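Here the structure comes first, spelled out in structure tokens, and everything after it is commentary.
Every number in this text was worked out from the coordinates using simple rules, so none of it is lab data. As the structure is a computational prediction, the values presented were derived from the model and not from experiment. Here the Cβ positions follow ideal geometry from the backbone for every residue, glycine too, while neighbour counts run over all protein chains shown.
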């Protein structure tokens with residue numbers, strides 16, 4: 001039995017011997033040293049030519065982008081490494097490649113994805129398409145549902161069965177996350193999976209907070225997608241957040257990060273009619289308008305004086 005050899009494979013199917021090494025932190029392919037945490041997917045593929053004895057691994061490499069507004073997919077690189085031992089049969093070479101694949105790949109996940117295709121000036125649908133492509137490369141199965149009306153995400157979160165899903169992913173802004181959280185709180189059983197937000201709206205405060213815990217000055221989108229693909233079931237890959245309960249007019253709602261009333265609430269609610277302008281511009285227009293109106297708000301605030309539990 002001969003010694004295994006590794007080769008690079010170019011577009012013309014030409015094989016060139018290379019050094020190939022897998023360490024705990026890196027995968028070395030020739031002169032390139034790839035960070036394993038940036039390898040979001042690895043596929044074992046077999047040559048369609050029956051005369052070829054080699055079997056090859058395809059690496060999908062997504063280095064985190066330093067540009068705050070550039071999407072992660074613009075930096076994708078693909079590396080092909082042929083596993084070939086001239087003394088072995090095609091089947092034996094395939095078995096060697098499969099063993100290498102098993103040593104690199106992560107446990108398989110299944111995701112339930114809710115997308116608001118109109119969020120962020122219709123940015124949500126485009127980001128969802130890019131995310132789906134990455135998930136295919138990462139070998140992650142998913143079910144994708146697009147919302148059709150306000151409150152749709154809350155209905156899904158309240159009634160859908162999430163059995164077998166590892167996470168509930170939202171592709172939108174904070175509004176959709178809020179709907180999902182309120183829907184989950186209404187479930188009869190406490191069987192909801194973790195919520196994984198992908199930023200695609202005009203306001204993405206929750207994601208900005210969560211990814212601030214990840215080192216590096218990368219875009220929220222890049223960090224969020226990396227975290228989603230690489231996350232395992234360990235507690236270190238998830239973060240608990242505090243929720244606030246608001247009771248009013250006989251009903252209750254849950255909120256995260258902040259609760260607004262008065263001027264801020266007026267601007268947020270009424271500027272929805274200008275959603276097509278995007279979050280920053282519509283908030284600016286209504287903010288200036290309400291400040292010039294000099295409207296006042298009467299609020300009665302009481303705080304219970306007791307020790308926290």
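Per-structure values
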item: Using alpha-carbon coordinates, inclination of helix 220-230 to the longest axis of the chain, degrees; result: 50 degrees
item: Listed residues 209, 297, 286, most fluctuating in the chain (Gaussian network, C-alpha, under 10 Å); result: 297
item: Burial ordering of 84, 162, 248, fewest other beta-carbon atoms within 10 Å first; result: 248, 162, 84
item: Exposure proxy order (Cβ contacts within 10 Å, fewest to most) of 75, 108; result: 108, 75
item: Counting DSSP beta bridges with both ends in the stretch 110-256, the antiparallel % (nearest 5); result: 25 percent
item: Which labelled figure in (1) 24.5, 85; (2) 21.5, 73; (3) 20.3, 72 is Rg and Dmax of the Cα atoms in Å, once derived from the coordinates; result: (1)
item: Extension gain from residue 230 to residue 141, taking 0.36 nm per residue of separation minus the Cα-Cα distance; result: 30.6 nm
item: Full-stretch length increase - residue 31, residue 101 - with 0.36 nm per residue and alpha-carbon distance subtracted; result: 23.1 nm
item: Angle in degrees between helix 90-104 and the longest Cα principal axis of the chain, rounded to the nearest 10; result: 30 degrees
item: 10 Å binning of all Cα-Cα separations within the stretch 1-141, expressed as whole percents from 0 upward; result: 10, 35, 31, 15, 6, 1, 0
item: For the chain: relative contact order, % (alpha-carbon pairs under 8 angstrom, 6 or more apart); result: 14 percent
item: Counting DSSP beta bridges with both ends in the chain, the antiparallel % (nearest 5); result: 70 percent
item: Residue 243 versus residue 77: modelled label distance in nm, points set 7 Å from Cα along the beta carbon direction; result: 4.3 nm
item: Calculated [θ] (222 nm, deg cm²/dmol) that DSSP helices of n ≥ 4 give over the chain, each run adding -39,500 (n - 2.57); result: -9500 deg cm²/dmol
item: Highest-MSF residue in the chain out of 291, 46, 267 [GNM, Cα springs under 10 Å]; result: 291
item: Order of 146, 14, 88 under a 10 Å beta carbon neighbour criterion, fewest first; result: 14, 146, 88
item: Choice from 263, 64, 100 showing the highest fluctuation, given a GNM over the chain with Cα pairs closer than 10 Å; result: 263
